[in-house]
Structures are given as C-alpha cells and as structure tokens.
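Structure, as structure tokens:
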Amino acid sequence: MLACRNSKQQPWRAGHRDMATPRPGSPVRGSTTGRPLMAALDLFGRRWSLRILWELRAGPLGFRPLQKRCDDMSSSVMRQRLTELLDAQVIHQLPDSRYELTPLGQEARHALNPLAHWAERWAATIDPQGADRTDDRSASRVSHPDTVGDGTPERDSAD
C-alpha cells in the first residue's frame, strides 16, 4: 500500500490511490466500527463492484467478456475491482483465467435479487414505458431464490 503523506490521512478516505480491501472488524470508508455490514457496503459501494458481481451471476467470464458486459470499463479499474473482490473471497479465478462467484459471492448475488425485482417495479411506477427497456440479462429473467414453489416469500425461522 502507498504511504500516506499526512499521518492523519486514512487509506479509505477519498483521494487515496490504493484503498485496502474492506474487511469486517477493521475501519472502512464511512465507518470506524468494523461492523461487517459497513465493510460490505464499502466493498460493494465501490464503482463497478456490484456490476461485476451481477454480470458473473450467470457463470464464469474471462477478463475481456466481463469488461464488455460492464460497458467497457477501463482495464485498470476492472483489475482493481477484481483484485478487491478476489481478496474479499467474493469471486475466484479459475485455472483457465475466467472469474466466477464463490459460494459467498453467490450468497451476495441472491441478496441482490429482491433489490433487482424492486428496481423493476420502481421503474414501472416512475416510467411505465421505460420499464419495458430491460435487456436479456434483466432481473426478471433471474430466478428468485428467496421464494418457495408458489412464489410466496420464504420465511426465516427468526420471523
């Protein structure tokens, strides 16, 4: 990691060129508590991180195909995000150099499905004609892992 010019500067603050991968139990951008949720929000709040996770939901992709799916993001940013997601054990690299979600990454993807479905309902409310502009990889084509066979939400035993 690059040395900070000012000893009071923290590596997760804006403007720092080499941010460490967020870790539960350690201070992260926006929080010094070390709470796991704060670390996850920092990790997935970084530009393109969620997009990479979302694009890998259907299966492994190599660097260039993943870059294309992510609207041709810059190679340097892509490498940085892949490194962070690898370090966070959300993705791993296969022997053929493609990237895929780990079991933790799959759990994170499943957690995003309700948000994706909400986003479609929101789009239909805000702009009914715009809601029809989903691509072939839209959330409506992703199975909803949190429902039982009849489509009702699965209940957590804590409910």
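Taking the stretch 93-129, which chymotrypsin sites (Phe, Trp or Tyr not before Pro) meet the DSSP loop condition and have no more than 11 other C-beta atoms within 10 Å?
Passing sites in the stretch 93-129 do not exist.
Quickly rank 40-53, 63-76 as a protection proxy: mean count of other C-beta atoms within 10 Å, highest first.
With the highest mean Cβ count within 10 Å placed first, the list reads 40-53, 63-76.
When Lys and Arg each count +1 and Asp and Glu each count -1, what net charge do the other residues less than 9 Å away from P22, Cβ to Cβ, add up to?
Residues close to P22 contribute a combined charge of +1.
How much length would be gained if the chain were fully extended between K68 and H92, taking 0.36 nm per residue of separation minus their Cα-Cα distance, in nm to one decimal? Please report the intermediate quantities before stating the final value.
Numbers: separation 24, 0.36 × 24 = 8.64 nm, distance 1.91 nm.
The K68-H92 span can extend by a further 6.7 nm.
Let me check I've understood the local charge: for R46, count other residues with C-beta under 10 angstrom from its C-beta, Lys and Arg +1, Asp and Glu -1. What total comes out?
Neighbourhood net charge equals +1.
Laboratory data are not the source of any read-out in this text; all were calculated from the coordinates shown. Note that the structure is a prediction, hence the values are computed from the model and not measured. Glycine also receives a Cβ, built like all others from the backbone with ideal geometry; neighbour counts cover every protein chain displayed.
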